[in-house]
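The values are calculated or read from the model by the stated rules, or taken from the named source; none is laboratory data. Since we're looking at a predicted model, the values are computed, not measured. Here the Cβ positions follow ideal geometry from the backbone for every residue, glycine too, while neighbour counts run over all protein chains shown. Note: accessible area is taken over every heavy atom of the protein model, side chains too, but ligands, DNA and RNA are not part of it. Shrake-Rupley method; radii C 1.70, N 1.55, O 1.52, S 1.80 Å.
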Amino acid sequence: MLQSLCDSSPEVRQAAAYGIGVMAQNGGENYRPFCTEAIPLMVGVIQAADSKDKANINATENCISAVGKVMKFRPECVNVNEVLPHWLSWLPLKEDKEEAVHTFSFLCDLIERFEFLHFC
């Protein structure tokens with residue numbers, strides 16, 4: 001799955017990113033190394049010069065969503081303080097409506113957590 005994040009086919013990259021997100025959300029401790037290794041590969045997909053092209057946008061948005069899922073469900077796999085500002089700059093998701101739901105849910109969680117911490 002990690003190799004597939006670098007595949008030349010956008011559909012393969014999209015499926016791999018989706019799988020990483022599922023691993024982060026539902027996988028156990030055994031998936032921790034994969035989530036950690038996947039982050040820089042997904043960042044590479046997201047930051048590629050042609051990442052927003054029509055052919056690549058769904059793979060890109062799945063990577064953005066998967067990075068969010070790793071931060072939310074497996075924060076020990078990533079330096080959240082380092083990645084979060086980048087993740088926020090990659091929003092909004094416009095094409096993949098299913099992944100947008102997960103992404104904006106995590107964004108709402110972050111806002112609620114910030115407001116809670118701010119007012120305590």
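Size descriptors for the stretch 6-48, from the alpha-carbon set: Rg then Dmax equal 10.5, 30 Å. Structure remark: mean-square fluctuation, Gaussian network model of the chain, C-alpha springs under 10 Å; the largest value among 63, 77, 108 belongs to 108. By the Cα gyration tensor, the stretch 17-88 has an equivalent ellipsoid whose semi-axes, rounded to whole angstrom, run 20, 13, 9 from largest to smallest.
Karplus-derived 3J(HN,Hα) values for the stretch 56-65, using 6.51 cos²θ - 1.76 cosθ + 1.60 with θ = phi - 60°, are 10, 4, 5, 5, 4, 5, 5, 5, 4, 4 Hz; glycine and proline are entered as x. When only the Cβ of Lys, Arg, Asp and Glu is charged (+1, +1, -1, -1), the dipole of the stretch 31-112 relative to its Cα centre reaches about 40 debye. Largest mean-square fluctuation among 40, 75, 85, in a Gaussian network model of the chain whose springs join Cα atoms under 10 Å apart, belongs to 85.
Here the simple spin-label model places points 7 Å from the Cα toward Cβ, and for residue 12 and residue 104 these points are separated by 3.3 nm. Highest GNM mean-square fluctuation among 47, 14, 25, for the chain modelled with Cα contacts below 10 Å: 47. Extension gain, residue 89 to residue 76, is 2.5 nm, computed as 0.36 nm per intervening residue step minus the present C-alpha separation.
Using the Cα coordinates of the chain, the gyration tensor eigenvalues translate into equivalent-ellipsoid semi-axes of 23, 17, 12 Å, sorted from longest to shortest. What does the charge add up to near residue 61, with Lys and Arg as +1, Asp and Glu as -1, over the other residues with Cβ less than 9 Å from its Cβ? Result for the neighbourhood of residue 61: -2. The C-alpha atoms of the stretch 55-102 occupy a region whose extents along the principal axes are 31, 18, 16 Å, arranged from largest to smallest. Partners of residue 54 within straight-line reach, counting lysines whose Cα lies under 18 Å from its Cα and excluding those fewer than 8 residues away in the same chain: 94, 97. With the helix formula -39500 (n - 2.57) applied to DSSP H stretches of n ≥ 4, the chain reaches a computed 222 nm mean residue ellipticity of -23500 deg cm²/dmol. For the stretch 1-94, the share of accessible area belonging to carbon and sulfur comes to 53 percent (1.4 Å probe, ligands and nucleic acids excluded). Across the stretch 1-114, the mean sequence separation of Cα contacts (distance under 8 Å, 6 or more residues apart), normalised by length, yields a relative contact order of 26 percent.
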